[in-house]
Amino acid sequence: MAKRETIVHWFRKGLRIHDNPALSVAVDKVRENPAKYCLRPIFVLDPGIRKWLRVGPNRWRFLQQTLANLDENLRSINSRLYVVRGNPVDLFPKLFHDWNVTLLTYEHDIEPYAVQRDRKVETQAKEHRVEVHIEKSHTIFDPDVILKKNAGKTPLTYQKYASLAGECKIPQPLPAPQKLPVKYIAPEPDKEERRNPACYDAPSLKELDVDEASMGDCKFPGGETEALRRMEESLRNRSWVCNFEKPNTSPNSLEPSTTVLSPYLKFGCLSVRLFYGRVSEAIKGQKHSQPPVSLIGQIMWREFYYCAAAATPNFDKMVGNSVCMQVDWDTNKEHLEAWTHGRTGYPFIDAIMRQLRQEGWIHHLARHAVACFLTRGDLWISWEEGQRVFEELLLDADWALNAGNWMWLSASAFFHQFFRVYSPVAFGKKTDPEGKFIRKYVPELARFPAGIIYEPWKANLETQKKLGCIIGKDYPRRIVVHEEISKVNIQRMSAAYKRNKALKEEGLDGDSAATASSPAGKKRTASSSTPPAKGKTAPKRQRLENTIQKFFKKK
DNA sequence: GTTGCGGTTGGATAA
DNA sequence: GTTATCCAACCGCAA
């Protein structure tokens with residue numbers, strides 16, 4: 001018998017079998033002719049990734065659980081998951097050859113790292129005469145389609161995005177693929193498998209270097225099965241779904257006040273198209289809240305950020321990012337360290353940062369509070385630093401959303417009312433006047449009464465002794481005085497905006513002068529609205545400064 | 001080129 | 001407890 005051809009489905013995000021169009025293409029082809037084809041659904045675990053990707057233990061555990069569950073779910077359709085260890089670009093040529101691969105399927109990804117990697121793999125596939133089939137299913141709307149509708153311009157407001165998306169068809173979710181037939185025979189073991197039959201098994205926590213004993217309870221286990229269960233649980237309360245308004249949910253309740261489906265959407269354990277469809281069903285014919293604050297609205301925010309991220313080079317950086325305000329952020333290692341580990345001396349901020357480290361999830365508004373505090377509100381530290389910490393600690397850290405939201409909160413893009421600053425004292429009191437949240441995550445302060453727990457520095461030494469926590473010894477003194485520093489920072493932000501405006505005008509002038517003969521001369525490019533790199537010629541810099549000075553005088 | 005409007009989620013104070 | 005107003009005045013977008 002001639003060796004069968006292997007069809008490989010490559011899981012990256014989209015770690016599910018339901019509504020997975022690329023997987024369905026692979027499975028259907030095998031089902032049509034099991035004598036000719038066999039199936040290997042793979043996940044590539046790259047040990048080298050640890051060198052540059054900062055992922056905390058919570059997220060490794062989530063991934064481990066997700067892969068184990070994916071293997072189970074694939075077994076339910078008479079297949080399994082093959083976890084291949086190594087770098088994709090090194091691995092694929094060998095796999096193509098050893099397995100006699102003729103078709104590779106996967107889900108499209110917009111992240112720059114993925115785009116680059118996939119381009120290489122596609123080239124390799126071509127060299128090995130492997131057909132590649134790609135489906136777009138991580139978002140409802142294809143960013144390319146939205147951009148085309150908007151004459152190639154990135155929509156920078158939610159409303160604009162929503163109106164463009166409103167003209168697009170909403171794709172229907174697919175069911176899980178049908179079972180491979182009983183007579184289907186799994187692929188013949190390759191050389192590696194003959195040596196070690198367990199070589200492609202899903203990883204253990206140990207392999208991922210996760211020491212579970214040192215971690216807190218697992219509040220959000222990974223996996224498609226848990227994702228679907230969690231979604232159904234949220235949908236069961238129909239009136240809650242219909243009345244959902246994000247700004248009215250609590251950032252500091254002891255149990256999450258929102259669905260916590262974000263980690264499942266990030267890894268693709270849950271299809272956003274399925275979620276959208278199920279929410280739409282639930283609110284149909286009922287009085288219900290509206291986007292942008294409704295549940296559907298939340299899904300649309302995700303779509304919005306994905307579109308902006310896909311269309312903007314250097315979306316996760318300030319420099320070279322055409323949508324991002326250029327701000328003279330400070331460097332302050334001690335302050336950054338204090339924020340990162342929940343030792344700012346502001347109990348509300350510290351409680352949130354400790355919850356983040358322990359549990360891997362914090363409420364969206366809690367993210368607002370700590371992000372504003374780190375950047376434009378108090379510490380004047382770059383949003384890129386905060387982005388890095390969230391990337392490491394959040395289960396749901398999704399490249400596009402993380403960068404987009406950090407720019408929003410630091411008033412670097414999308415949001416511009418920089419004089420609206422969250423108070424690290426007042427904001428939390430609205431939804432938790434008793435301070436229960438602080439008592440849970442900052443136990444040093446557990447005995448402080450409601451009246452003072454948000455501002456423990458106000459207690460005199462005698463009181464502090466009585467309450468068993470001396471400020472400056474058992475709990476840190478606050479590292480900045482919010483009432484003062486936030487006023488200074490608003491001024492700094494205002495100056496940054498003026499400077500940015502001047503830079504932009506200068507950039508446009510230069511651009512249109514250089515391309516005066518071209519009809520596309522007025523089009524904004526990635527480089528035209530960013531400041532020139534250090535080392536530009538002196539006259540150009542001088543002109544720039546003059547423009548800035550003019551602007552300052554005008555105001 | 002200008003103008004006016006709206007923007008998921010602020011805070012402090014007054015009524 | 002809720003709602004209105006000021007604070008100082010941002011941006012993108014549509015007309």
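Assorted remarks:
- A:Asp211 more than 16 Å from DNA strand C (Cβ to nearest atom), in contact (Cβ under 8 Å) with a residue 60 or more places away in the chain and either surrounded by 12 or more Cβ atoms within 10 Å (Cβ to Cβ) or in the same structural domain as A:Asp19 (by the TED database) (or both): no
- Of the residues A:Val319, A:Val323, the single one that is under 15 Å from A:Asn405 (Cα atoms) and surrounded by fewer than 23 Cβ atoms within 10 Å (Cβ to Cβ) is A:Val323.
- Residue in the range A:147-160 that is among the β-branched types (Val, Ile, Thr), within 16 Å of DNA strand B (Cβ to nearest atom), closer than 20 Å to A:Asp398 by Cβ and touching a residue at least 24 places away in the same chain (Cβ under 8 Å) present: yes
- Near pairs, Cβ below 8 angstrom, 6+ apart or cross-chain, from the range A:248-259 (more than 18 Å from A:Ile438 (Cα to Cα)) to any residue that is of a type outside the set (Gly, Ala, Ser) and within 16 Å of DNA strand C (Cβ to nearest atom): A:Asn248/A:Val293; A:Thr258/A:Thr249
- Taking first residues from the range A:413-435 that are closer than 17 Å to A:Pro251 by Cβ and more than 7 Å from DNA strand B (Cβ to nearest atom) and partners that are open to solvent by 80 Å² or more (accessible area, probe 1.4 Å) and at pLDDT below 95, no Cβ contact under 6 Å between residues at least 6 apart in sequence or on separate chains turns up.
- Counting residues in the range A:176-187 that are among the aromatic types (Phe, Trp, Tyr), closer than 26 Å to A:Ile296 by Cα and touching a residue at least 60 places away in the same chain (Cβ under 8 Å) gives zero.
- Checking each residue in the range A:1-43 for being of a type in the set (Gly, Ala, Ser) and under 17 Å from A:Pro171 (Cβ atoms) picks out A:Gly14, A:Ala22, A:Ser24.
- Scanning the range A:7-58 for residues that are assigned to a loop (DSSP other than H, G, I, E, B) and crowded, with 19+ Cβ neighbours inside 10 Å gives A:Arg12, A:Lys13, A:Gly14, A:Leu15, A:Arg16, A:Ile17, A:His18, A:Asp19, A:Asn20, A:Gly56.
- A:Arg194 vs. criteria surrounded by 14 or more Cβ atoms within 10 Å (Cβ to Cβ) and without any contact (Cβ under 8 Å) to a residue 60 or more places away in the chain: no
- Residue within the range A:448-457 that is within 16 Å of DNA strand C (Cβ to nearest atom), over 26 Å from A:Ser262 (Cβ atoms) and either touching a strand residue (DSSP E or B) at 6+ places or on another chain (Cβ under 9 Å) or part of a helix (DSSP H, G or I) (or both) present: no
- Residue count for the range A:87-108 under the criterion of being touching a Gly at 6+ places or on another chain (Cβ under 9 Å) and in contact (Cβ under 8 Å) with a residue 60 or more places away in the chain: the result is 2.
- Inside the range A:145-186, residues that are more than 16 Å from DNA strand C (Cβ to nearest atom), open to solvent by 90 Å² or more (accessible area, probe 1.4 Å) and under 24 Å from A:Pro21 (Cβ atoms) make up a count of 5.
The values are calculated or read from the model by the stated rules, or taken from the named source; none is laboratory data. All figures in this text were calculated on a predicted structure; none of them were measured in a lab. As a convention, Cβ positions derive from the backbone with ideal geometry for all residues, glycine included, and neighbour counts pool all protein chains shown. Areas reflect the complete protein model, heavy atoms only, side chains present, ligands, DNA and RNA absent. Shrake-Rupley method; radii C 1.70, N 1.55, O 1.52, S 1.80 Å.
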